[in-house]
Amino acid sequence: MDGLKPINLSPRGSDTAHSLAWGLIAAAALIVGIVVGSRGLKDFDPALISYAGATVFSAFGLGYRYAMWLRRPPTRLYWFRGWQIFLIPKRLPGNIARLVRIFWNNVVLQRFIERRSKTRWTAHWFLAWGCLIAAAVTFPLSFGWIRFETAADNQQIYRAFVFGIHVASFPLDSIMAPLAFNILDICAVMVLIGVFVAMWRRGRDRGAMSVQQFSNDLLPLVLLFAISVTGLFLTASTHLMRGLYYVFLSQLHAVTVIFTLLYLPFGKFFHIFQRPAQLGIDFYKRAGEEGGQAQCIRCGQPFATQLQIGDLKAVQSALCIQYAMRDGTHYQDVCPACRRKNLALTQDALWRTPEAELQRFDRF
Amino acid sequence: MSERAFYIDYSRCIGCQSCVQACAECDTHRGVSLIHLETIQRRESVQTAPQVCMHCEDPICARVCPADAIKKTPDGVVQSSLKPRCIGCSNCVLACPFGVPRYQVEIDQMMKCDYCYDRTSVDKKPMCATVCPSGALTFATAEEIQRSRRGIAINSWKFGNEVVKTKVFVIVPREVERVNVELVQISPTPSALSDDPYDVALMLESVE
Ligand code: SF4
Ligand code: SF4
């Protein structure tokens, strides 16, 4: 690919100050969003303030961590290159069409996980969609962006408002009503299916068992389990037990949710925000293939795209990895197979000193 | 007695492929063999050499990874890519000085030798070192190596100006303190170049 502008891999200023600024911007943007979206807090439900507060903190953490992540030279390179390539005017229409397709396959269906293992995919698909749908409902609710109320003139009609604008009405005996009231329970069941399949896989896969860590691999499952179960208990308390322990249960539920929101930027859940960057790699690889192939200076065979090797060298110099060889060549221009062969030959050459040769003869 | 460590001695390899088979039985990546076994120069020599991950102290694979997908355990083992993170860009494959990581097309992710973490973390030998009959791959104590080998074991390398320290040791002559890697090109001797289309070495090359 010609004509791509070089990317500044060592931006000035302190990483921490820069990331703190982005964290604050993210938190501030959310606060403004909440105030404006709830019509000056008119639609904001004060009972949900602890949820909204934890989300603001979470937004700060996510902004901070994402900005910090983008300070790393390789991440920076791919992120900005991905956009550069995506936005080339000539390619844009094709790129958008392709983005829709890979979004459908990778995000909606998550096919790439299915190829790793069917069990992993089942667990992940239920967990991901249970959480995403629940988030799409609860976040706007806690921000006061959507609200429901019964129509003033008819107790049997329910009305939904988004940003204070009336968008839909449905009668209480329609199909929409139970769906709207129970959507979170449906999500909770989806999440529980995911948690059980994931636990079952982790309990059987000896490889997973040897490398898994509690804080990174099990804690997220425990948290999702706790949120779902306490959420379902709330429904059970309302409908089956005439509100028994409702206050205690709702506090317990809030604690699990708030803890998860605070954990969001730091633990495994951060991959939800990190992962979409993969979509950019697809465009990068395709653009690279249209350009030339880099040939190994040892065997002469093509082994990667010129675009990637050039970019990798830039990343390496930003990281102070010094692969320039004494003879003027660059170690990055040697293909991985030749590197392996070369190592064996290097070790062999170490043994072939004149003294060693003499010693060898001495033994006869 | 000191703890056991991993030693590699390329020149001892006899190309029997035992390690390749055993690697595929490792529990952390069952069914996929991740060790490399190179034929150095098919037409010239029968020499082969294995390559496992050397578990660098400051792994270049992890430094060039945009997704932060390669992590080191507290005991210094550089793990295979974290599945939720790896985006299959191949930076690590191309940058590792030892040519270790593999890009697995089917899953669009990188996988690499992880020191048989399920085994070594409970003080069992890695699969490849368990089956290697020639001692090219050995998991032993420093005393055992001292007793049984002519050279010494070192773990310092230099590629260009880049100094790399590894958890895995290589056996070299006593006077060597660091392996300075330069490009070694063996140009085939004309007599070894056969133009016979039925030359076995030639046919094998085209298979590769
Ligand atoms: S040998 Fe290569 S793959 Fe292994 S830790 Fe070092 S850089 Fe990473
Ligand atoms: S292939 Fe995966 S592990 Fe390797 S550098 Fe790319 S994202 Fe990181």
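Scanning region B:95-107 for residues that are without any contact (Cβ under 8 Å) to a residue 24 or more places away in the chain and touching a helix residue (DSSP H, G or I) at 6+ places or on another chain (Cβ under 6 Å) turns up just one, B:Tyr103.
Checking region B:116-134 against the condition returns no match, with no residue being at pLDDT 95 or above and among the aromatic types (Phe, Trp, Tyr). Checked against the criteria, B:Ala49 counts as away from ligand 2 (no atom under 16 Å from the Cβ), surrounded by 18 or more Cβ atoms within 10 Å (Cβ to Cβ), small (Gly, Ala, Ser) and facing chain A (nearest Cβ under 7 Å).
Annotation note: Cβ proximity below 9 Å between a residue of region B:51-66 that is closer than 12 Å to B:Val93 by Cα and a residue that is basic (Lys, Arg) and within 6 Å of ligand 1 (Cβ to nearest atom) (sequence gap 6+ or interchain) occurs for B:Cys53/B:Lys112; B:Cys61/B:Lys112.
One residue stands out in region B:69-82 among those that are of a type in the set (D, E, K, R) and surrounded by fewer than 18 Cβ atoms within 10 Å (Cβ to Cβ): the one that is nearest to ligand 1 (Cβ to nearest atom), namely B:Lys72. Of the helices (runs of 4 or more DSSP H) lying entirely inside region A:264-361, those carrying at least 2 residues that are under 30 Å from A:Val56 (Cβ atoms), open to solvent by less than 40 Å² (accessible area, probe 1.4 Å) and within 11 Å of another protein chain (Cβ to nearest Cβ) are A:271-274, A:278-290.
Condition test on A:Ser10, is it of a type in the set (Ser, Thr, Tyr) and outside any helix (DSSP H, G or I)? Here the answer is yes, as A:Ser10 does meet what is asked. Entry remark, region B:169-181: residues being more than 7 Å from every other protein chain (Cβ to nearest Cβ) and under 18 Å from the mean Cα position of the chain (by Cα) number 4 in total. The set of residues in region A:44-85 that are in a loop (DSSP other than H, G, I, E, B) and surrounded by 17 or more Cβ atoms within 10 Å (Cβ to Cβ) comprises A:Phe44, A:Leu70, A:Arg71, A:Arg72.
Tell me whether region B:58-66 contains one or more residues that are at pLDDT 95 or above and under 30 Å from B:Asp195 (Cβ atoms). No, region B:58-66 has no match at all. Considered as a group, the residues in region B:83-102 that are more than 8 Å from ligand 2 (Cβ to nearest atom) and either in a loop (DSSP other than H, G, I, E, B) or more than 8 Å from chain A (Cβ to nearest Cβ) (or both) include one that is most open to solvent (accessible area, probe 1.4 Å), and that residue is B:Arg102. Looking across region A:104-137, the residues that are out of contact with any helix residue (DSSP H, G or I) (no Cβ under 7 Å at 6 or more places or on another chain) and not aliphatic (A, V, I, L, M) come down to A:Trp104, A:Ser117, A:Lys118, A:Trp125.
Against the conditions (1) in a loop (DSSP other than H, G, I, E, B); (2) out of contact with any strand residue (DSSP E or B) (no Cβ under 8 Å at 6 or more places or on another chain); (3) not β-branched (Val, Ile, Thr), B:Ser80 satisfies every one except (2). Of the strands (runs of 3 or more DSSP E) that lie entirely inside region B:112-191, those containing 3 or more residues that are open to solvent by 50 Å² or more (accessible area, probe 1.4 Å) span B:162-172.
Pairs linking a residue in region A:116-127 that is within 11 Å of chain B (Cβ to nearest Cβ) to a residue that is buried (at least 18 other Cβ atoms within 10 Å of the Cβ), with Cβ atoms under 6 Å and 6 or more positions apart or on different chains, are A:Arg116/B:Ile107; A:Arg120/A:Ile113; A:His124/A:Ile113. Determine if region B:27-47 includes at least one residue that is away from ligand 1 (no atom under 15 Å from the Cβ), more than 17 Å from A:Arg340 (Cα to Cα) and part of a helix (DSSP H, G or I). Yes: one or more hits.
The values are calculated or read from the model by the stated rules, or taken from the named source; none is laboratory data. Remember, it's a predicted structure, so these values are computed and weren't measured experimentally. A quick note on method: Cβ atoms are made from the backbone with ideal geometry, for glycine too, and the neighbour counts reach across all protein chains shown. Please note that ligands, DNA and RNA were not included when accessible areas were found on the heavy atoms of the full protein model with its side chains. Shrake-Rupley method; radii C 1.70, N 1.55, O 1.52, S 1.80 Å.
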